[in-house]
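The values are calculated or read from the model by the stated rules, or taken from the named source; none is laboratory data. Because the structure is predicted, anything quoted here is derived from the model rather than measured. So basically every Cβ, Gly included, is an ideal-geometry build from the backbone, and we count neighbours across all protein chains shown.
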Amino acid sequence: MAQITLEKISKSFGSVKALDAVDLEVKDKEFFVLFGPAGAGKTTILKTIAGVEFPDSGLVRIGDRIVNLIDPALRNVSMVFENYALYPHMKVYDNIASPMRSPLHRKSEAEIAREVARVSDLMGISQLMERLPSQLSNGQRQRTALGRCLVRRPNVFLMDEPLAHLDAKLRHLMRTELKAMQTAFDTTTIYVTHDYSEALSLGDRIAILNRGKFEQIGTGDEVYYAPVNEFVARLVGEPEINIVDAELQDVAGECRVGIRAGASIVHYPLPDDIGGKLHASGVGRRIRMGIRGVNIAYKFEKAEGYLPGSVYNLEPIGNKSILTIKTDENLFQTIASNDLSVELDTPVWMYPDPKNMLLFDAADGRFLGRHHQAQLTGRA
Amino acid sequence: MAGLTFRNVYKQYGRTKVQQIFDADKSVTLDRDRRDVDATVRRVASSTAAPYAVDNFSLECPNGTFVGILGPSGCGKTTSLRMVAGLEEITRGDILIGDRVVNNLHPKDRDIGLAFEDYALYPPLNVFDNIAFNLRAKKMPEDEVRRRVLELAPLMKVEDLLDAKPAGLSGGQKQRVNIARALVRQPSVLLLDEPLSHLDGKMRQILRTEIKRIHNRIKCTTVLVTHDQLEAMSLSDRIAIMKDGRLQQFGTPLEVYDNPVNVFVAGFIGEPPMNLARVGIVDDGRDRFFLFPAKGIRIRVPGKYAASVFAGDEVILGVRPTDVLINPDDPKAAAVPIAVFENLGDEKRISIEVGPEEYLTLVTEDEKRYRPGDEIKLVFRETKTHIFDKITGDRILGKE
């Protein structure tokens, strides 16, 4: 049971900087997600904590102990592998007992029996002790593998994309299962994923990693409603958020976002809370306007405040369709009902709701703000 | 350009006894009475032969349509495509392009464009020469070759890459060149075998859009083979779903989504997947309910099934996560505790435990937040509640 602290950790592989002076504090018993694209450095952080990768510089603390020089086997961390890697020839009982039979951590059989019973109760698999892994369902295998990790009462639980190899249907079920068991872990957990829905679903907090540096560390609501920059905004959500060039303008003292549509510009008055803030920072400047597909309305007739465009694509994907609208300058992906039927290139008018606009700096992509930011991120 | 037809097509790997028996016994005609033939085939096949990789597959793709063949690995979808292309022999049945049977035509005479998932571009040739390769091989005059390549290049958005070598291209660009190379021959039928599966998510989505737009522009009959239901749904006019060599259903994306003919199609189409659970039917004298036996949860059976299921029956219930509704005002709604609440940003997912490792999941865009253990009242959207036979898996229809 411990908090984990990384201080100024750097790590290079040849000329590639995998980690660049990262600082991180994971609280005791927190479920913490490391999220980012491939090659961002997520697994390197995990391995650094486990002790199988040594940082070039910086300190790793587990609890209040500096563990840089501690052997991985003595750090009391437990790593869950992709595929769960159960011993196929061992019964569930022996799989779970195996860490306590290793030479380093050997326990008496009486104690092992007690511990296995505790963990299998926790995981709800007590009735499966005599089965081989091949006789288990996928969910039972996951529970057994997690049980094997918990039996050592580790300080830290490290999970490296445990669901990544599963097909979409199974991943959905296993994520639900994992979430259902989460409270039973009662152990500091660091979970690596490149799947935003896993990150949002499971994480108490999420750290978004890009090229060896953290872009943002925050709750799911914070990264969804107030991403610190365009990079984070694009990572969270499906279809990807639309981000386009826009202009901040003053119309009769009111702060508006102007979006170009061919020869003209359509204006969107910002709600007072964000409008006032941006007005003070200077109007007339160029910004970037981000809007998620779910927050765009559309009509097949001309309407006041709607941007003119045409249907670029319509993709039914089951319970909804993705409607791509092309304006003179941009493509916007919006969400339509699954029974919409329309020819490509039909004229259409769209309305990005200013209450849900995410505004970014045009120069560096930094987040400028949004309506109701404090309420939505729970920082009111 | 022409349509594509599969007529009772079978494929069996390896030359088998069944084949020989069929060849000898001319009294068995395939087209007229499928049932008898099937029985014969099965009787013989069970003792001597491997099962059919493609088993009595019939499909009609009208001229200009985009048809997706969708199924898990090993379902026979790629074999079907390869039989069209002439890369596999047809064991029995006919494949027609337009009204011409192509069974015995050489692949090069079938007038087909083919693009596989691995791009197989010629590395020493630049993009222009790669696209032009097949035309030149057919000894087409060089100015006609030039005209065709330059006409197609902007459509495929490769006009700026014509001088580049394949090694310098991204995966998405390679696949564009690959498809351009297939289309430049102006084939009757374009065959695409998992064209997007090597690409990352973002590029996949972009290319999906481009393929759809190009199809809309040139309206070449296209058959797409994929295991990705999202890809099939988003691109196809109609989808053929296959399993174990057999066609399960052929319909528009919305048809297969809303009206799956059996449990397999119901579970294969849609993300998150449809909730499928074995339930009992109980009766309280006035209303009939689905009963989830492990937890004793009861949810009312829609009226349309009044003459289809009765107390004591057991069926497979199918309802999509978007059709499970929270309705606190319905006095007959089932009150159930939440097992898992997930906030995924655009939507929230709520899962109710209905058995060991079995959840009833619902998706909502409602902003309300819940905690595990909170009680909600559930009803099903009655028009979208499906039931299936517990043994055959076939859908049981109600009175609409």
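Out of the residues in region A:243-271 meeting the condition of being under 23 Å from residue A:233 (Cα atoms) and of a type in the set (D, E, K, R), tell me which one is surrounded by the most Cβ atoms within 10 Å (Cβ to Cβ).
Among residues in region A:243-271 that are under 23 Å from residue A:233 (Cα atoms) and of a type in the set (D, E, K, R), the one surrounded by the most Cβ atoms within 10 Å (Cβ to Cβ) is A:256.
Show me the strands (runs of 3 or more DSSP E) entirely contained within region B:230-303 in which 2 or more residues are free of Cβ contacts under 8 Å to residues at least 24 places away in the same chain, over 28 Å from residue B:91 (Cα atoms) and more than 14 Å from chain A (Cβ to nearest Cβ).
By residue number, B:288-292.
Counting only residues that are over 11 Å from the mean Cα position of the chain (by Cα), give me the strands (runs of 3 or more DSSP E) lying completely in region A:163-239 with at least 2 of them.
So the answer is A:188-193, A:213-218.
Tally up the residues in region A:293-318 that are farther than 19 Å from residue B:234 by Cβ and within 12 Å of another protein chain (Cβ to nearest Cβ), please.
Adding up the residues that qualify gives 1.
Would you check which residues across region A:303-344 are acidic (Asp, Glu) and either within 18 Å of residue B:66 (Cα to Cα) or in contact with a His (Cβ under 9 Å, 6 or more places away or on another chain) (or both) and list them?
If the condition is that a residue be acidic (Asp, Glu) and either within 18 Å of residue B:66 (Cα to Cα) or in contact with a His (Cβ under 9 Å, 6 or more places away or on another chain) (or both), then A:315, A:343 are the ones that fit.
Quick check on region A:344-364: of everything there that is part of a loop (DSSP other than H, G, I, E, B), acidic (Asp, Glu) and more than 12 Å from chain B (Cβ to nearest Cβ), which residue is surrounded by the most Cβ atoms within 10 Å (Cβ to Cβ)?
It comes out as A:353.
Taking region B:137-167 as the region of interest, how many residues are surrounded by fewer than 16 Cβ atoms within 10 Å (Cβ to Cβ), within 17 Å of residue B:182 (Cα to Cα) and not aliphatic (A, V, I, L, M)?
Total satisfying the criteria: 8.
Looking at (1) within 14 Å of chain A (Cβ to nearest Cβ); (2) in contact with a Gly (Cβ under 6 Å, 6 or more places away or on another chain); (3) charged (D, E, K, R), which is the one condition that is false for residue B:314?
Looking at each condition in turn, residue B:314 falls short on (1).
Which residue out of B:134, B:103 is surrounded by fewer than 18 Cβ atoms within 10 Å (Cβ to Cβ), within 25 Å of residue B:1 (Cβ to Cβ), within 25 Å of the chain's Cα centre (by Cα) and among the polar types (S, T, N, Q)?
Only one candidate qualifies: B:103.
Take region B:168-177 and flag every residue that is of a type in the set (S, T, N, Q) and either surrounded by 18 or more Cβ atoms within 10 Å (Cβ to Cβ) or in contact with a Lys or Arg (Cβ under 6 Å, 6 or more places away or on another chain) (or both).
Of everything in region B:168-177, those that are of a type in the set (S, T, N, Q) and either surrounded by 18 or more Cβ atoms within 10 Å (Cβ to Cβ) or in contact with a Lys or Arg (Cβ under 6 Å, 6 or more places away or on another chain) (or both) turn out to be B:173, B:175.
Within region B:363-395, can you find the residues that are acidic (Asp, Glu), part of a strand (DSSP E or B) and within 14 Å of chain A (Cβ to nearest Cβ)?
Of everything in region B:363-395, nothing turns out to be acidic (Asp, Glu), part of a strand (DSSP E or B) and within 14 Å of chain A (Cβ to nearest Cβ).
Within region A:261-337, which strands (runs of 3 or more DSSP E) (wholly inside it) include 2 or more residues that are in the same structural domain as residue A:250 (by TED's automatic domain parsing) and β-branched (Val, Ile, Thr)?
A:264-269, A:286-291, A:320-326, A:331-337
Of all the residues that make up region A:222-232, how many are touching a Gly at 6+ places or on another chain (Cβ under 6 Å) and within 11 Å of chain B (Cβ to nearest Cβ)?
Number satisfying all stated conditions: 1.
Looking for something among the polar types (S, T, N, Q) and either under 23 Å from residue B:194 (Cα atoms) or modelled with pLDDT of 95 or more (or both) - is there at least one such residue anywhere in region B:11-34?
Yes.
Within region B:51-163, which helices (runs of 4 or more DSSP H) (wholly inside it) include 3 or more residues that are touching a Leu at 6+ places or on another chain (Cβ under 7 Å) and without any contact (Cβ under 8 Å) to a residue 40 or more places away in the chain?
Hits in region B:51-163: B:142-155.
Report the residue count in region B:340-362 for those that are under 17 Å from residue B:277 (Cα atoms), part of a loop (DSSP other than H, G, I, E, B) and facing another protein chain (nearest Cβ under 7 Å).
So the count comes out to 1.
What tally of residues in region A:321-343 results from selecting those that are of a type in the set (Ser, Thr, Tyr) and surrounded by fewer than 17 Cβ atoms within 10 Å (Cβ to Cβ)?
The total comes to 2.
How many residues does region A:7-38 contain that are closer than 20 Å to residue A:54 by Cβ and either over 20 Å from the mean Cα position of the chain (by Cα) or surrounded by fewer than 17 Cβ atoms within 10 Å (Cβ to Cβ) (or both)?
So the count comes out to 14.
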